[in-house]
Amino acid sequence: WILVVDADARITGNMREATRQLRSILAFGEGPPRHHGFDEQRTVFVVPAFSRAQGDPLVPLSVTNKHDLRDYLFRGEAEIMHATSFPISYLGSMDLWRWTFATEPYHVRYTHRWEPYYIARMGPNFPYFDERFVDRGLNKAQQQFSLFARNYRYVVVPDLFVVDTPMP
């Protein structure tokens, strides 16, 4: 298994609950019926990423759980990371408000140039990053398109998220 995030991302949320949900999904028969049929070899578990929408951009969001993050979102102080500057790459089809109230993982469709953070099983069909991408931009989009082309499914994890840790 691999967790793909940027170096400046801080994993937060309820890791115990997220782990339980992932295990139940992958158990194929132990979770709720709507989870049956997941192919762990071809599933990308999307981990939503958030950043500060207002205030000092160098001060990270101070959240430790989804409830705190929800408060920031409702006050307009948090947003999906880079949603303002690069919406096509970061908004994707995650559906922010659905995630905000979700208690179970849910399917979403791949969208062109989407660059989500994710958890996936590395197997024989797993595409690696194209190392010709240097610096910033489109490396994750290229990999996500390769995953989509190989029939990977996208499932958003509701109890795990990442918070951007700004760098000066």
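A short reminder: the numbers here are calculations on the coordinates, not readings from a lab. Note that this is a predicted model, so its numbers are computed, not measured. Don't worry about glycine lacking a Cβ; one is built from the backbone with ideal geometry, like all the others, and counts go over all protein chains shown.
Of the peptides 53-61, 145-153, the order by per-residue mean of other Cβ atoms within 10 Å, starting with the highest, comes out as 145-153, 53-61. One decimal place: the segment residue 132-residue 3 gains 44.3 nm when fully extended, by the rule 0.36 nm per residue minus the C-alpha distance.
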